[in-house]
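The values are calculated or read from the model by the stated rules, or taken from the named source; none is laboratory data. Because the structure is predicted, anything quoted here is derived from the model rather than measured. In this analysis, Cβ positions are derived from the backbone assuming ideal geometry, glycine residues included, and neighbour counts consider all displayed protein chains.
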Amino acid sequence: MRLTTSGPSNGSASAAPARIARSRLAAERLTAEFFARFEHRFVLAHLKDVGEQGAEVDTPEFGTGVFPQRMYLEFLRARRFDLPLILEHLPPEHIPAAIRRVDALLV
């Protein structure tokens, strides 16, 4: 009997990027469906973010989490440019940096 310490040979480490890409595409598809379904009900654009563990665990400052912000801002620019934008979860001194993140995503 020979004991080996090598990891699994099923390519799981190399499959991780593909899994992440599929997950990201699924999230973007779900987000687009949400925008299309509820677009007429939006009364303001709430610029916040979500941590990797979900909104129940972490809501970091806008542009520092995992929510597809570029997609959201492009939707707002194209379809709901009439909405006021609001930011939360940041102290006043962080507002300029958050505005720069918005601007950077809109380039």
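Details
- Every residue from segment 57-84 that is assigned to a loop (DSSP other than H, G, I, E, B), modelled with pLDDT of 95 or more and touching a helix residue (DSSP H, G or I) at 6+ places or on another chain (Cβ under 8 Å): 80, 83
- When segment 50-87 is filtered for residues that are touching an Asp or Glu at 6+ places or on another chain (Cβ under 9 Å) and of a type in the set (D, E, K, R), the ones remaining, listed by number, are 52, 58, 61, 79, 80.
- Per-region count, segment 32-53, residues in a loop (DSSP other than H, G, I, E, B) and either of a type in the set (A, V, I, L, M, F, W, C) or more than 18 Å from the chain's Cα centre (by Cα) (or both): 4
- Exactly one residue out of 53, 69 is without any contact (Cβ under 8 Å) to a residue 12 or more places away in the chain, of a type in the set (S, T, N, Q) and on the phi < 0 side of the Ramachandran plot, and it is 53.
- Remark: residue 32 matches the filter, which requires a residue to be surrounded by 13 or more Cβ atoms within 10 Å (Cβ to Cβ), under 25 Å from residue 104 (Cβ atoms), modelled with pLDDT of 90 or more and of a type in the set (Gly, Ala, Ser).
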